[in-house]
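Structure record follows, encoded as structure tokens.
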Amino acid sequence: FGLTLTAQEQSGKQEKWYVSRIPGVLEEVMLSVKAKQPVFLIGAFGGVAGLVIDILEGKDRPEMSWDYQQHA
């Protein structure tokens, strides 16, 4: 498991939404980039992978703002 899933399993806490302020997939991408690990994204169905791909291509996505994420 990735760091986020491992933390979720160890916490034993049930959440109604995602555990942190950002979706787990986005958190995994951020942790992987920070650790200089490769990230493989398939954005065929949109979602967070599609969002990250758009950002890497220089497209503006309001979902990537802290204001948006803190109200998710």
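The values are calculated or read from the model by the stated rules, or taken from the named source; none is laboratory data. Since the model is a prediction, treat every value here as computed from it, not as a measurement. FYI the Cβ positions are ideal-geometry reconstructions off the backbone, even for glycines, and counts take in every protein chain you see.
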Can you say whether GLU57 is among the charged types (D, E, K, R) and surrounded by 10 or more Cβ atoms within 10 Å (Cβ to Cβ), as far as the supplied structure shows? no
It is to be established whether one or more residues within region 30-47 are over 22 Å from TYR68 (Cα atoms), at pLDDT below 80 and not aromatic (Phe, Trp, Tyr). no
